[in-house]
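Asks: Sharing a structure, written as structure tokens. Questions coming.
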Amino acid sequence: MAEEAVLGFLQTNDQISDSHQFAASVGVGHTELENVIKSLKGFEIVDAQEITRESWVLTEEGKKYMVNGSPEALFFSAIPPEGISRNILKEKLGIETFDIGSKAAAKNKWIAFEKDLVKRKVESVEDEVKNLLTRINNGEVVSDQVINDLKRRKLIVKQTWKGYSLKRGPKYVSKRKKAATDLTREHIVSGDWKNLEFKEYNVNAEAPAIQVGYLHSLLEVHEEIQNIFLQMGFEEMPTNNFVESSFWNFDALFQPQQHPARDSHDTFFLETADRTKDLPEDYLEKVKRVHEFGGYGSKGYGYDWKRDEAEKNLLRTHTTAVSTRMLFALAQQETFTPKRYYSIDRVFRNEAVDRTHLAEFHQIEGVICDRGLTLGDLIGVLEDFFSRLGMSKLRFKPAYNPYTEPSMEIFSYHDGLQKWVEVGNSGMFRPEMLLPMGLPEDVNVIAWGLSLERPTMILYGISNIRDLFGPKVDFNLIKNNPICRLGI
Ligand code: FB9
């Protein structure tokens, strides 16, 4: 309907100057006309220029005055020739009309107040305000003075509206062939494809945003690092147990029972289910002995090792506890087979929390167990591993862990941060840990660890760990974070 009206009108007229007026004249809504204009413009059938128009429209108050008359006119016409008392008049008109009307009528010198009486000063009056409002409402133009008066009385407001002026376009047709969007079997069979207009594909049209899930940035980096381990021939360790016994988390790692990390200032001990029931008895005896008396070339710690201390359950402080279980299981095998293990999972430390530390983080650990491994092998595999993370320049600083000797902190020069960053810790597991398990003498185990949060924060430029992990994470950050591509 609207399309035919436009194309029909432009057949005999050069232009449609005002789409609003045209819509009114053909009795269609401007929005419907606007959609037709946009479509015809899309096919260059019409050339449409956007025009903005400003016009004055009546406010609700203005409409009331236009219909019922202005308060001053109502005030005047309510005064009988002999005059009337204020209160009666106020009763008659109502406080609002009385107040506004009296002021305006007085200003127009239509009335006079004699004590309590209100009297007419003129025979009759012309309700100029009502007339002007009607003219404005009919779209007539009035003087600026009038506009300012009525605007000040909040009877009119300026309204801008957008419209179009239309001309015939380069591909103008008086009747548009129906635009087909798809060539269907019916079109072919009926042959009416010959006189059909096929809508061009708007390849620039934005596809509807599809709501999909997004991997949390930590999982993005987790996946990348997991791929690196798998590419390096590592197999994942089962880390699906946050609760661990002190035995596997500490004692089996030759960490003495009085070590500061083993008190509740550093470790979350369980109140309920606070003791483990099953520990491998013979192995436990060996661990007890190596702590108390040493052996395997070690003099041990020489303290009285307590079983009940080892039985205390806790939230694991490192995934190295899982490595210990895996190495023990490996040692139980008939024949020793070299192994490469990795783990990436949550660990818990009762530490002071700050911008980069929470009471839990994800530890990444790599373990290689093989005959004759040396510190050189450890440095070599660290070079390989971190180069795949995009960190090629490494430096190693001697460090101390109760369960590795020698131990090294790993530093990498980070071009973006223009400084050396500590990127992890590493070492060779002590014989006091490995031999009680029953691993062959010539088997060494090299291992290293780092966190998942630190690289993720640096890669995604996140300065506060709470923006990465926990209730304050902003989903948009997750959504808009670029895909994590390590090492390139
Ligand atoms: O992740 C750490 N730093 C890091 C790692 C990668 C990285 O990548 C950037 C993209 C470039 C940036 C930084 N660290 C280890 C070093 C520090 O952040 C350190 O202050 C905090 N450490 C955690 C422990 O905090 C109490 C990070 C965590 C850590 C430390 C040691 C181990 C694991 C995690 C370990 C181990 C280990 C040692 C020997 C044998 C087996 C495991």
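Asks: Which whole-number percent of Cα pairs in region 411-488 have a distance greater than 20 Å? If you can, show how the numbers build up before the last one.
Replies: Values: 1592 of 3003 pairs.
So the portion of pairs separated by more than 20 Å is 53 percent.
Asks: Name the residue farthest towards the positive end of the dipole of the chain from the options Tyr172, Asn13, Met66, assuming +1 on Cβ of Lys and Arg, -1 on Cβ of Asp and Glu, about the Cα centre.
Replies: Checking the options against the dipole of the chain, the answer is Met66.
Asks: Using every Cα-Cα pair within region 1-154, state what percent have a distance larger than 29 Å. Mind dumping the intermediate values first?
Replies: Numbers: 5154 of 11781 pairs.
Here the tail beyond 29 Å accounts for 44 percent of pairs.
Asks: Subtract the Cα-Cα distance of Glu114 and Ile95 from 0.36 nm times their separation in residues, and report this length gain in nm to one decimal.
Replies: Working: separation 19, 0.36 × 19 = 6.84 nm, distance 1.94 nm.
Residue separation times 0.36 nm, minus the Cα-Cα distance, leaves 4.9 nm.
Asks: If I stretch the segment between Lys64 and Lys167 completely, what's the gain in nm (0.36 nm per residue apart, minus their alpha carbon distance), one decimal?
Replies: In short, 33.1 nm is gained.
Asks: Which value, in debye to the nearest 20, describes the size of the charge dipole of region 114-156 about its Cα centre when Lys and Arg Cβ atoms bear +1, Asp and Glu Cβ atoms bear -1, and nothing else is charged?
Replies: The dipole of region 114-156 has a size of about 220 debye.
Asks: Moving to a separate point now. Evaluate the relative contact order of the chain (contact order divided by residue number), counting alpha-carbon pairs under 8 angstrom at least 6 apart; express in whole percent. Before the final figure, lay out each step's value.
Replies: Working: 760 pairs, mean separation 64.7, N = 488.
Value for the chain: 13 percent.
Asks: Still on this structure, please answer the following. Say each of Asn204 and Lys41 gets a label point 7 Å from the Cα, pointing the same way as Cα to Cβ; how far apart are those two points in nm?
Replies: 1.3
Asks: Within the set of other residues whose C-beta is less than 15 Å from the C-beta of Phe475, count the net charge using Lys and Arg as +1 and Asp and Glu as -1.
Replies: Values: positive: Arg466, Lys472, Lys479; negative: Glu220, Asp467, Asp474.
The answer is 0.
Asks: Rounded to the nearest 5, what % of DSSP beta bridges with both residues in the chain are antiparallel? Walk me through the numbers on the way to the answer.
Replies: Working: 67 of 71 bridges.
The answer is about 95 percent antiparallel.
Asks: In addition: Taking the simple approach of a point 7 Å from Cα along Cα-to-Cβ for both Gln231 and Glu140, what is their distance in nm?
Replies: Using points 7 Å along Cα→Cβ, the separation is 8.2 nm.
Asks: Can you give the Kirkwood hydrodynamic radius of region 315-440 from its Cα pairs, in Å with one decimal? Please report the intermediate quantities before stating the final value.
Replies: Numbers: mean 1/r = 0.0623 Å⁻¹.
Every distinct Cα pair counted, the radius reaches 16.0 Å.
Asks: Right, another one. Would you tally the net charge around Glu422, using a Cβ to Cβ cut-off of less than 9 Å, leaving Glu422 out, and scoring K and R as +1, D and E as -1?
Replies: Working: positive: Lys397, Arg454; negative: Glu409.
Computed value for this residue: +1.
Asks: Follow-up question, since we're still on this one. About its Cα centre, how strong a charge dipole does the chain have in debye, to the nearest 20, once Lys and Arg get +1 and Asp and Glu get -1 at the Cβ? Write down the numbers at each step before the final one.
Replies: Working: 62 positive and 72 negative charges, 497 e Å.
Roughly 2380 debye, rounded to the nearest 20.
Asks: Compute, for region 313-457, the length of the dipole vector about the Cα centre, with Cβ point charges of +1 (Lys, Arg) and -1 (Asp, Glu) only. Units Debye, rounded to 20.
Replies: That gives region 313-457 a dipole magnitude of about 280 debye.
Asks: Here's another thing I want to ask about it. Taking 60 Å as R0, compute the FRET efficiency from the Cβ-Cβ separation of Glu186 and His357 and round it to 0.05.
Replies: Given R0 = 60 Å and the Cβ-Cβ separation, E is 0.30.
Asks: Right, here's the next one. Placing +1 on the Cβ of each Lys and Arg and -1 on the Cβ of each Asp and Glu in the chain, which of Leu279, His30, His414 has its Cα farthest towards the positive end of the resulting dipole?
Replies: Highest projection toward the positive end goes to His30.
Asks: Another question, if that's okay. Relative contact order for region 237-363: what is it in percent, counting Cα pairs under 8 Å that are at least 6 residues apart?
Replies: 35
Asks: Along each principal axis of its Cα atoms, how long is the chain end to end? Whole angstroms, biggest number first, please.
Replies: For the chain, the Cα extents along the three principal axes come out at 126, 83, 44 Å.
Asks: Per DSSP helix of 4 or more residues, -39500 (n - 2.57); summed, then divided by the residues of the chain. What does that give at 222 nm, rounded to the nearest 500?
Replies: Working: 19 runs with 173 residues, N = 488.
So the calculated ellipticity at 222 nm is -10000 deg cm²/dmol.
Asks: With an 8 Å Cα cut-off and a minimum separation of 6 or more residues, compute the relative contact order for region 416-488 in percent. Display every interim value, and only then the final one.
Replies: On the way: 38 pairs, mean separation 16.6, N = 73.
Relative contact order comes out at 23 percent.
Asks: Give, in nm to one decimal, the length gained when the segment between Arg152 and Leu417 is fully stretched (0.36 nm per residue of separation minus the Cα-Cα distance).
Replies: 89.2 nm
Asks: A further question on this structure: So how far, in whole Å, is the C-alpha centre of region 128-142 from the one of region 197-268?
Replies: Each part's Cα centre sits 72 Å from the other's.
Asks: Once the dipole of region 432-476 is set up with Lys and Arg at +1 and Asp and Glu at -1 on Cβ about the Cα centre, which of Ile462, Trp448, Gly438 lies farthest towards its positive end?
Replies: After comparing all options, I get Ile462.
Asks: Can you give me the Cα centroid spacing of region 401-452 and region 26-101 in angstrom?
Replies: That distance is 82 Å.
Asks: Turning to a different aspect of this structure: Counting Lys and Arg as +1 and Asp and Glu as -1, what is the net charge of the other residues whose Cβ lies under 13 Å from the Cβ of Glu200? Walk me through the numbers before you get to the answer.
Replies: Numbers: positive: Lys171, Lys199; negative: Glu44, Asp182, Glu197.
Result for the local shell: -1.
Asks: Taking the Cβ-Cβ separation of Lys393 and His265 as r and a Förster radius of 25 Å, what is the calculated FRET efficiency to the nearest 0.05? Write down the numbers at each step before the final one.
Replies: Numbers: r = 36 Å, r/R0 = 1.45.
Efficiency, rounded to the nearest 0.05: 0.10.
Quick note: the coordinates plus some simple rules give every number you see, no bench work behind them. Note that the coordinates shown come from a computational prediction; the quantities given were computed from them, not determined experimentally. Note that we place each Cβ from the backbone using ideal geometry, even for glycine, and neighbour counts take in every protein chain shown.
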